[in-house]
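Notes follow once the structure below has been shown.
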Amino acid sequence: MNYDNLKISIQQAEEILFKLFNIKGTASALPGYEDYNFRMKVNNENAFILKISRPNEDADYLYFQQELLQHIASNDKDIVAPKVIKDKNGNSIPEITDAFGKQRKVRLLSWVSGRIWSQVNPQLNDLRFSLGEKCGKLTSVLLTLEHDKAHPTFEWDTAQSLWTKNHLHIFNEKETEIITYFQKLFENNFKAYSSLRKSIIHNDINDNNIVVSSELINPKVTAIIDYGDAMSTQIINDVAITCSYAIMREKDPLDAALPVVKGYNSTFPLLEEELEHLYTTIAMRMVISVIKSAINKLEDPDNEYLYISEKPSWELLKKWKKVSADFAHFSFRDACGYKAHPNQDKFNNWTQKNSFEVSKLFPTANSNEIQHIDLSVSSKWIGHQQEFNDLGLFQFKIEKLQAQHPNKVIAGGYLEPRAVYTSSAYDKTGNNGNESRTIHLGIDFWFPAHTPVHALFDGEVVTAVNDAGDKEYGGLVILKHEADDFEFFTLYGHNTVASALRHKVGDIIKKGAKIAELGNYPENGNWAPHLHFQVMLSVLDYKIDFPGVAYYNQLDVWKGLCPDPNLLFKSETLQSIETISNEALINYRKQHLGKGLSLQYKIPIKMVRGAGQYLIDQVGRKYLDTVNNVAHVGHENYNVVKAGQEQMALINTNSRYLHENINVLANELLQTFPKELSVIHFVNSGSEANELAIRMVKAVTGNKDIIASEVGYHGNANMCIDISSYKFDGKGGKGAPEHTHIFPLPDSFRGKYRGDDTGEQYAAEVQKQIDIVYNKDRAVGAFIIEPIISCGGQIELPVGFLEKSYKYIRAAGGLCISDEIQTGCGRMGKTFWGFQLHNVVPDIVTIGKPLGNGHPIAAVVCTKEVADKFAIGMEYFNTFGGNPVSCAIATEVIRTVKREKLQKNALEVGEFLKAELKALSKTFTIIGDVRGQGLFLGIELVDAEMKPLAAQTDYLANRMKDHGILMSIDGPDHNVLKIKPPLIFTRENAEELIFYLSKIFAEDFMIK
Ligand SMILES: Cc1ncc(COP(=O)(O)O)c(C=O)c1O
């Protein structure tokens, strides 16, 4: 065909509009599959879409489309679709003769405004739900439209998709294999599929035919356009088509399909038998798409629209093939409110009629009483991760527990979230970052090695293998059982390999017969001897093993697929395990804890375990922590934990008794300071440290006036609040007290003075405050500042500022305090303390947060002169300050920083991260500034006029949290993202952070 003879020019389109409809408009061409389409603007506003058919287009079908649109318009106001505009003679489909003398049919439709789905970023579950919801409504309206002109045969009809079998020669072997796999699946179930409900359906709800509202947060689907493929066929095809385009670019397409199906079902309930075919129908739509694209590319290479979705369709097909068809089916059922597995009720009823005894499973145990063991992520019994992974210790603890309960069977674990599975086989990247399999699907029974396991009921062996390695079951047996009118399976993991391999597939094991013997480490899959016992209603596609642990976001489906094995035993101990909901925790806090306490994030998280640079929530989700500079050497660093535990077991008392821990810690710290700073007082918090520092100032100088920075924060105690502009100039504050003097935030990016050389200008501001104090006939007590002002938004002090300011202050008789509560202990990378970056030696240094790695210990380090003058005879007593436990902990923290060269790590990883962030700022111009030292960085978000972008910063932090990365916000305008992770943060962690930052920075809310 000569396509040039069919083309309609922009000018022709405009003439047609005027001639037929008497409307003056300006045209621009739009992509189209069959028709030549033009967007028509009237008075500069999008007003219409003009559609000019190819010659000889089927008039009946065009009339059908127009009727369909009118039917929608008259039926449900909530469905927005284009409206039919008649020409000046009242025709809905007028005709023109084109330049080649061909008759062409013309339609004019109202323009539906909004963004199209393919332009929306991100496409989140709420949006997908709203898509399903809208499409379900559309189906319910189209159900009442009767028409016999709705394309009886059509290549895009999924029901007729087996025509694709004739085109396999276009593809290579691998592609052919994928296509054939789905064609066969479709063909094998064709009879049942053919009898599914039919209706007229849209039949092409693709990502360019879905209109989305303009809100950048929580947008909704507002309209479905382009009804050019509508036809009568199976309703499930529309669900499938909607799903396939909405999930196309997602890492985990099944996970993305579920909200669409849920939404669809909420407005148009889907039938169980329809859901059986959804997986294959989605695939067949993609099969049609890739085959049509390949054919079109050969026939009309100019029209890219004809093969626009070829690449993503292929990607989806490949990913879809890896999804278990059964698992998808069960997930769709769950999404539609059906029991995930069709036999769930049957199994439950069967277990109500039958009871089984644990002592029959383990005849040598001779007991049916259970002692529950908690191996969940929040279990105190398992203690530190490192101890949990110490097999000898774990075994010892189990034996001790058994000795304490000699007549009980130690068991538990069904649906327990566990954080112990560290093999990469348990991790994947989902649509929202990393996901780990954590939910345990069976019950573990803890017995000595070689304990025999016997059959509770007759069964046929379906799996008997050595499953050591990544999956870690060791000797594994799976049996199939017949019960009433259904079958189910039981799984026995962690046996000796020999006892499992005694069986072959097909063997029958009679009730009471021995199945296997519990294995020992390492042949049982690397753990202390126990049986993993699991019930399954289906084994999906697994041939040689079956997951014993599931992803939390698939919990409901796995729960249906793998019912509670305790339904068989009915142990009350196992039934009564309770957890407290997050809502209950929040409600209690609201009623009984101080109102000033805040919670992080719109949906707060309950963290139950720390592990290095990660925090783990109650369902075992791991969050990469870029916020917590308190967990300096890693959350729950084992050596630090052990140092505290060991000392706590011996003695913890005050510093009036002799103990070497306080001296050892003092010595460890003083080694990091210049010799002038030689005396230490230990306290319990950063606030207490600054409180003591100010007391020292008053004692030493006799002056009360303190000079501090705008937006500085120095603690929550009385005196600290009085010198914290962040607080008294912030929400609920009453401004600076009489003796506090605030100079402008020395911010050379967006502050009073800007640029590279502002040190002197800001130091002159400090001098101004000194003058103010003098003009009141008083003298200066002290100058306090952080080396990088953290609450101010990670403000790096300008070059020369600190040196000059110290000079002015000392000339005025004041002392200089460096608040190193956030910045200290190696975080700066280049230096151990922040003041060392500026070539000064303070009179007093306060240390807090990182010193105890989470344990409350802080310190004030000062010169001998200050210490001597402070010691005026009054005893300095501090009940907890410097106690042996706190000192043991802090010593281990400082030693860990030194031993593990964490200062160097802060420098290397920090510089890498800073360079990457700077590179990112070239792509995303709202990153106005990247600053900081070592692992104490800030990213400031501003618009083109340097106005702060607080909403974007908040959005970014919350979206990063959705992806399992914790970030915090600060700065007077709440537009600075702070990065201050544990110092063990690795280059890989930095790369992951950058990867997800780039993803979120590209989202509509960030760039529009
Ligand atoms: C710079 C600075 N100084 C002092 C404090 C007070 O420390 P604490 O909360 O341990 O009392 C903080 C706490 O955030 C701080 O950031």
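The values are calculated or read from the model by the stated rules, or taken from the named source; none is laboratory data. Predicted model only: the values in this text are computed from it and were never measured. Using ideal geometry, Cβ is built from the backbone for each residue, glycine included, and neighbour counts are taken over all protein chains shown. Calculation scope for accessible area: heavy atoms of the full protein, side chains included, ligands and nucleic acids excluded. Shrake-Rupley method; radii C 1.70, N 1.55, O 1.52, S 1.80 Å.
Residue-wise test of (1) open to solvent by 10 Å² or more (accessible area, probe 1.4 Å); (2) at pLDDT 95 or above; (3) of a type outside the set (Val, Ile, Thr); (4) not in a loop (DSSP other than H, G, I, E, B).
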site	(1), (2), (3), (4)
ASP204	yes, yes, yes, no
THR233	no, yes, no, yes
ILE236	no, yes, no, yes
ILE241	no, yes, no, yes
SER244	no, yes, yes, yes
MET248	no, no, yes, no
PRO259	yes, yes, yes, yes
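Residues being open to solvent by 50 Å² or more (accessible area, probe 1.4 Å), closer than 22 Å to ASP226 by Cα and under 47 Å from the mean Cα position of the chain (by Cα): count how many of those fall in the range 11-49.
9
Tell me, which residue of the range 828-878 that is of a type in the set (Gly, Ala, Ser) and part of a loop (DSSP other than H, G, I, E, B) is nearest to the ligand (Cβ to nearest atom)?
Filtering first and then ranking leaves GLY848.
Can you tell me which of (1) crowded, with 22+ Cβ neighbours inside 10 Å; (2) within 12 Å of the ligand (Cβ to nearest atom); (3) over 22 Å from GLU765 (Cα atoms) is the one SER724 doesn't meet?
Here SER724 clears every test but (3).
Looking at the range 694-714, which of the residues that are part of a helix (DSSP H, G or I) and within 16 Å of the ligand (Cβ to nearest atom) is surrounded by the fewest Cβ atoms within 10 Å (Cβ to Cβ)?
Filtering the range 694-714 for residues that are part of a helix (DSSP H, G or I) and within 16 Å of the ligand (Cβ to nearest atom), the one surrounded by the fewest Cβ atoms within 10 Å (Cβ to Cβ) comes out as ARG695.
If I go through the range 492-513 residue by residue, how many of them are touching a Leu at 6+ places or on another chain (Cβ under 8 Å) and either crowded, with 18+ Cβ neighbours inside 10 Å or hydroxyl-bearing (Ser, Thr, Tyr) (or both)?
Within the range 492-513, residues that are touching a Leu at 6+ places or on another chain (Cβ under 8 Å) and either crowded, with 18+ Cβ neighbours inside 10 Å or hydroxyl-bearing (Ser, Thr, Tyr) (or both) number 7.
Check ILE817, ILE821 and return the single one that is buried (at least 24 other Cβ atoms within 10 Å of the Cβ), within 16 Å of the ligand (Cβ to nearest atom) and outside any loop (DSSP other than H, G, I, E, B).
ILE817
SER655: more than 30 Å from ARG750 (Cα to Cα), buried (at least 20 other Cβ atoms within 10 Å of the Cβ) and more than 16 Å from the ligand (Cβ to nearest atom), yes or no?
yes
Do we find a residue being β-branched (Val, Ile, Thr), touching a Ser or Thr at 6+ places or on another chain (Cβ under 8 Å) and farther than 27 Å from LYS220 by Cβ anywhere in the range 43-61?
No, the range 43-61 contains no residue that is β-branched (Val, Ile, Thr), touching a Ser or Thr at 6+ places or on another chain (Cβ under 8 Å) and farther than 27 Å from LYS220 by Cβ.
Can you tell me which of (1) away from the ligand (no atom under 16 Å from the Cβ); (2) closer than 28 Å to GLY971 by Cβ is the one GLU676 doesn't meet?
All conditions pass for GLU676, except number (2).
Could we say that ASP326 is farther than 16 Å from ASN237 by Cα and at pLDDT 95 or above here?
Yes: the conditions hold for ASP326.
Just one of the numbered conditions (1) touching an Asp or Glu at 6+ places or on another chain (Cβ under 7 Å); (2) among the charged types (D, E, K, R); (3) part of a loop (DSSP other than H, G, I, E, B) is not true of GLU945; which one?
GLU945 satisfies all of (1) touching an Asp or Glu at 6+ places or on another chain (Cβ under 7 Å); (2) among the charged types (D, E, K, R); (3) part of a loop (DSSP other than H, G, I, E, B) except (1).
If only one of ALA717, ALA736 is aliphatic (A, V, I, L, M), within 16 Å of the ligand (Cβ to nearest atom), surrounded by fewer than 19 Cβ atoms within 10 Å (Cβ to Cβ) and free of Cβ contacts under 8 Å to residues at least 60 places away in the same chain, which one is it?
None of the other options fit; the residue is ALA717.
Among strands (runs of 3 or more DSSP E) lying entirely in the range 501-564, which contain 2 or more residues that are closer than 14 Å to LEU491 by Cα?
514-517, 531-536
Quick check on my filter: what residues within the range 679-693 are part of a helix (DSSP H, G or I) and either open to solvent by 20 Å² or more (accessible area, probe 1.4 Å) or within 9 Å of the ligand (Cβ to nearest atom) (or both)?
GLY686, SER687, GLU688, ALA689, ASN690, GLU691
Output the residues belonging to the range 169-179 that are open to solvent by less than 40 Å² (accessible area, probe 1.4 Å) and either at pLDDT 95 or above or touching a Gly at 6+ places or on another chain (Cβ under 8 Å) (or both).
Scanning the range 169-179 gives THR176, ILE178, ILE179.
Please determine whether any residue of the range 867-881 is buried (at least 24 other Cβ atoms within 10 Å of the Cβ), modelled with pLDDT of 95 or more and either more than 34 Å from the chain's Cα centre (by Cα) or hydroxyl-bearing (Ser, Thr, Tyr) (or both).
Yes, the conditions are met somewhere in the range 867-881.
Which one is farthest from VAL893 (Cα to Cα), of the residues in the range 952-965 that are of a type outside the set (Ser, Thr, Tyr) and open to solvent by less than 10 Å² (accessible area, probe 1.4 Å)?
So the residue we want is LEU956.
Here is a list: HIS450, HIS440. Which entry is open to solvent by 60 Å² or more (accessible area, probe 1.4 Å) and within 30 Å of ASP507 (Cα to Cα)?
Checking each option against the conditions leaves just HIS450.
Given GLU668, GLU660, which one is more than 16 Å from the ligand (Cβ to nearest atom) and open to solvent by 50 Å² or more (accessible area, probe 1.4 Å)?
After ruling out the rest, the residue left standing is GLU660.
Hey, could you check the range 465-491 for residues that are farther than 18 Å from LEU540 by Cβ and crowded, with 20+ Cβ neighbours inside 10 Å and say which is modelled with the lowest pLDDT?
GLU472
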